[in-house]
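Take a look at the structure below.
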Amino acid sequence: MADSVSSACKPSVERTPLNATSFQKKTRNKLLSIPGTRLSVQNGQLLVSTGVTSLDYLLGGGLAVGTVLLIEEDYYDSYSRMILKYFLAEGVVCRHELFLAAAQDHPNDIFQELPDPILDDVAIRKSADQPRLSCEPQDGLDAMKIAWRYQNLPKVQSALASSSRFGHYYDVSKTMEPEIRQAAKCHHFYLPEHPSQSSATHSPMLESYSALLKSIEEVICREGFNVSASMTKSRNILRIGLHSLGSPLWGDDLCCRDDPKHSHALTTFLYGLRALLRSSLSVAVVTVPSHLIQRRSLMGSIIRLCDNAIALESFKGSERKTSPLCKDYHGLLHVRQVPYLNCLASQLPDHKDLAFKIKRKQFSIERLHLPPDLSETVSRVSRAELAGAATVASACGSGNKHLDF
Amino acid sequence: MLHDLLQGLDAGGFLIIQDSCSYSGRRLLWSFIKAALNRAEVVHVLSFEVSEDELKNGLQESPIERLHFHNAYSDPLGWTSRGAFTVDQFCVERVAQLAKQSSRVKPPILVIDSLSWVLRHVSPPAVCKTLQQLKNGGFVGNLISLLHSDMHPRGMVGSLCQLATSVITVAAGGDQAKITRRLKSGKVLQDEELFSIKDDLTVVGQSKPSRADPQEQEADPTANLTFNLRLSDTERDAKEKLALPFVFSKEKKAALLHTSSGRIVYEPDANDDYDQEDPDDDLDV
């Protein structure tokens, strides 16, 4: 991907109406300047944010353009779906194009659930008249009792301009407003809308996967994401989200049987997908319900065929109910694979025990550590046993015996 | 949560009752049928494992006129081609046709007894696709089905439970049910309940199993002290009314916020000794 990035092109600068200066930063002609991307400091790849800043850090700064991120779903598919929505929402905010394929829910339903970005400097198109700042605090004076000096600090509202930040934060409790969402171009592929045609050639791929691959290829060619396409118009990134590949709704019995008949369907599809991505300016996020796949060797080959791979394990579906970690975190995150792209060694995260929790405004991934045990017993006893021996919980909550001085 | 499910599923809901050979979930399935009939809803039963007489004997004293029985028990594989429902007919078109036989405004409830039978003879991806289309196409209002979890590999049971909106697993012993509900907002609720089914198929929920963690009660920190830390109501009012320092009047706040004119507004505090006389007046410098 690095040699294709270095092809000559004119830098494209978006002239915004409110941009007061005519200053244009002198960039080297060799680099593409696409909004929402930056260059990796490790290997010079063009990176795109996944929408979750802590995940960007784990993957070495971001997702490299032309690669696939595989997410192994958690048991109820709640957190992997959340990450897919963050990925698509980041595409809307950076004004990339989106492609979403799903077999279970209609992609438009997923598009309507995208989280709301927290904007201070990302612009949204508000109504034409700017609110007059002097009359605003009349209602607000009673609202702020102590911090009233900060009432008038304005929220920056300008016309639509691309954001210069890499990685944004999203508020999960609200959904993205339709005006912002409709500003981005979205393509979708919903499997029940494509009736299965029996293919003439006997290919190891299923018809559903062939149809999906054809649809992605058609979008890439038509919208000009090919690297070899003409450089006259400004370049953009295509973000591809594929939900729950390998589940029975795609026609694949990978999850249902212990020795599936179509064992090579998904792997052939991933091979073709990666070939398409390497020759175009696109990124893909694929979620696979790996907890249903019984053959671990198959899961291993699926991981090898994708560049980045992470696995989510939520505490809700697993048997570790009594662990004291359940209180602080929502699940564990395992990084299965980080790619070597045009370099000898990749940047692996230095701690392997990671846990995630989803707060309202942030999806945070942290290093796992057990909280300090404040009870008198020195050995680390599990919370269930402590609860059985408890008399009265002290105010600090975790210790169950009074600290005796 | 079991009672909420018995009152009715949301539109497009799919309930799976998982049982095993040690305890059959069929009586629980019949209690769901009875609750639906009592709610004046039309129920279609597609029965592969149970004959019509046995079902009707089990459901005595229920309003049976709203129950439509489709016989897939006598000849499911179509050996004698006598016109009963065969397992190859388990596809969207045929099942939707069955459901349309009762001409009511609201789409009926479809009960499948059991899905395991269908999965033995039809490929699982096709079954999943049919169930998904039935759920989303509006042909049936709700789907309730029985699944024998020990007859299938774990992956197949798991992939069917991914399609379902609610799963009830009947544990061995016959009185413990693990319930998982997936709400439309994406939230997942889990619960464990003890229940028993009486002879007339009503479900009686018993107290939760004692394995649940005892709730931690935080001791009231103001309780056992030698001094009084509590506030009475009048004291609380007085506390709210107390004027904080550096809280300015409204005009002063407004003036400070719009400091474009550069005016200085001074309000003498209670402690300020505002003496008009300048003490330096008599300095002779």
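The values are calculated or read from the model by the stated rules, or taken from the named source; none is laboratory data. Predicted model, so just to flag it, every value in this text is computed and none were measured. Note: ideal-geometry Cβ built from the backbone for every residue, glycine included; neighbour counts use all protein chains shown.
Test B:Ala171 against the criterion of being surrounded by 15 or more Cβ atoms within 10 Å (Cβ to Cβ), in contact with a strand residue (DSSP E or B) (Cβ under 9 Å, 6 or more places away or on another chain) and farther than 22 Å from B:Ile109 by Cβ, and give yes or no. Against the criterion (surrounded by 15 or more Cβ atoms within 10 Å (Cβ to Cβ), in contact with a strand residue (DSSP E or B) (Cβ under 9 Å, 6 or more places away or on another chain) and farther than 22 Å from B:Ile109 by Cβ), B:Ala171 qualifies. None of B:Asp175, B:Asp199 is under 27 Å from A:Phe315 (Cα atoms) and more than 10 Å from chain A (Cβ to nearest Cβ) except B:Asp175. Could you tell me which residue of region B:145-164 is nearest to the other protein chains (Cβ to nearest Cβ), considering only residues that are part of a loop (DSSP other than H, G, I, E, B) and touching a residue at least 24 places away in the same chain (Cβ under 8 Å)? The qualifying residue nearest to the other protein chains (Cβ to nearest Cβ) is B:His152. For region B:54-71, check the following and say yes or no: at least one residue is within 14 Å of another protein chain (Cβ to nearest Cβ), over 23 Å from A:Asp105 (Cα atoms) and modelled with pLDDT of 85 or more. Among the residues of region B:54-71, not one is within 14 Å of another protein chain (Cβ to nearest Cβ), over 23 Å from A:Asp105 (Cα atoms) and modelled with pLDDT of 85 or more, which makes the answer no.
In this structure, does B:Leu201 turn out to be in contact (Cβ under 8 Å) with a residue 60 or more places away in the chain, in a loop (DSSP other than H, G, I, E, B), crowded, with 19+ Cβ neighbours inside 10 Å and in contact with a helix residue (DSSP H, G or I) (Cβ under 9 Å, 6 or more places away or on another chain)? It is true that B:Leu201 is in contact (Cβ under 8 Å) with a residue 60 or more places away in the chain, in a loop (DSSP other than H, G, I, E, B), crowded, with 19+ Cβ neighbours inside 10 Å and in contact with a helix residue (DSSP H, G or I) (Cβ under 9 Å, 6 or more places away or on another chain). Counting only residues that are within 14 Å of chain B (Cβ to nearest Cβ), at pLDDT 90 or above and not in a strand (DSSP E or B), region A:263-292 holds 6 of them.
Taking the criterion of being more than 21 Å from the chain's Cα centre (by Cα), in contact (Cβ under 8 Å) with a residue 60 or more places away in the chain and not in a loop (DSSP other than H, G, I, E, B), the residues of region A:220-262 that qualify are A:Glu223, A:Leu249, A:Trp250.
Residues are listed down the side, and each one gets a yes or a no for (1) in contact (Cβ under 8 Å) with a residue 40 or more places away in the chain; (2) on the phi > 0 side of the Ramachandran plot; (3) of a type in the set (Ser, Thr, Tyr):
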| position | (1), (2), (3) |
| --- | --- |
| B:Phe48 | yes, no, no |
| B:Glu52 | no, no, no |
| B:Lys56 | no, no, no |
| B:Phe69 | no, no, no |
| B:Leu77 | yes, no, no |
| B:Ser81 | no, yes, yes |
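Restricting attention to region B:60-95, the residues that are over 23 Å from B:Val122 (Cα atoms) and in contact with a strand residue (DSSP E or B) (Cβ under 7 Å, 6 or more places away or on another chain) add up to 3.
Residues considered: A:Leu298, A:Leu249, A:Leu254. Of these, the only one that is of a type in the set (A, V, I, L, M, F, W, C), within 12 Å of another protein chain (Cβ to nearest Cβ) and touching a Cys at 6+ places or on another chain (Cβ under 8 Å) is A:Leu249. Region A:40-103 holds strands (runs of 3 or more DSSP E) entirely within its bounds, and those carrying 3 or more residues that are at pLDDT 95 or above and not polar (S, T, N, Q) map to A:68-72, A:97-102.
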